[in-house]
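Trainee: Right, I'll just put the structure down here and ask away after.
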Amino acid sequence: MKYIIGVFVLMLTACSSQIDKTYYQLPDVYQGGASEQSSVTQLAKKPQIWVQPIRLSNMLVNAGIVYQTTDINYTVANQHLWINPLDQQLQQNLISGLTKALPGTVVANQPVEDNLAKLTVTVNYFQGRYDGQVIISGDWIYTENNKVINQPFSLVLPQTEDGYPALVRTLGQGWEQVISDIAKAIQAQY
């Protein structure tokens with residue numbers, strides 16, 4: 001009888017201590033932008049950029065949102081998770097942002113033809129920090145014909161409110177800034 005009561009108490013404790021998971025998606029600040037559909041004849045006339053899959057540092061490949069807890073410690077949240085893989089969200093926002101910023105250019109996540117510009121982005125840090133700052137850094141490489149542009153990016157943004165929703169919104173704003181900077185550098189090449 002003691003055994004049954006012990007198992008029952010253990011089950012009750014396990015059920016009551018379960019924490020709900022919360023899922024997040026980066027805000028799509030480019031909603032309502034230019035249509036991504038183009039006819040084949042239009043594709044042949046426009047410059048084209050192939051946005052290759054985003055490369056993430058190992059700590060960012062997890063489903064959980066990364067948070068720096070001290071100057072040397074990091075944690076990956078167990079209850080605050082990305083709804084879709086982070087690399088896919090970053091790539092989709094990058095494509096949407098470049099499509100809007102470069103209206104005369106076809107921006108795609110797959111190569112449309114053999115001889116086209118390629119954009120490769122590596123993200124090393126994309127997280128909140130113990131001092132209320134949000135960190136985004138990495139680099140990008142743009143290649144077109146014989147031209148190569150290699151630029152690092154590094155942003156430290158203040159998180160104006162506490163909590164993961166504010167963190168995700170600030171990360172989204174920072175990523176929008178990175179996209180804008182990439183678009184300006186590419187546009188300067190045309």
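The values are calculated or read from the model by the stated rules, or taken from the named source; none is laboratory data. Bear in mind that the values here come from a model prediction, so they are computed numbers and not experimental data. Here Cβ is always computed from backbone atoms with ideal geometry, including for glycine, and neighbour counts include all displayed protein chains. These area figures cover heavy atoms from the full protein model, side chains too; ligands, DNA and RNA do not enter into them. Shrake-Rupley method; radii C 1.70, N 1.55, O 1.52, S 1.80 Å.
Trainee: Give me the distance between the Cα centres of segment 63-89 and segment 131-170, rounded to whole Å.
Mentor: Here the answer is 15 Å between Cα centres.
Trainee: Cα extents of segment 61-129 along the three principal axes, largest first, in whole Å?
Mentor: Computed over segment 61-129, the largest-to-smallest principal extents equal 45, 24, 22 Å.
Trainee: GluC sites (Glu not before Pro), restricted to segment 102-190: which are DSSP loop and have at most 16 other Cβ atoms within 10 Å?
Mentor: Taking segment 102-190 and a limit of 16 other Cβ atoms within 10 Å, the loop GluC sites (Glu not before Pro) found are E113, E161.
Trainee: Kindly report the accessible area of segment 93-149 per residue (heavy atoms of protein chains, probe 1.4 Å, no ligands, DNA or RNA), in Å².
Mentor: Here the per-residue accessible area is 43 Å².
Trainee: Going by accessible area, probe 1.4 Å, with all protein chains left in place, what is the ranking of R169, R129, largest first? List each step's numbers first, then the result.
Mentor: Details: R169 140, R129 55 Å².
Correct descending sequence by accessible area is R169, R129.
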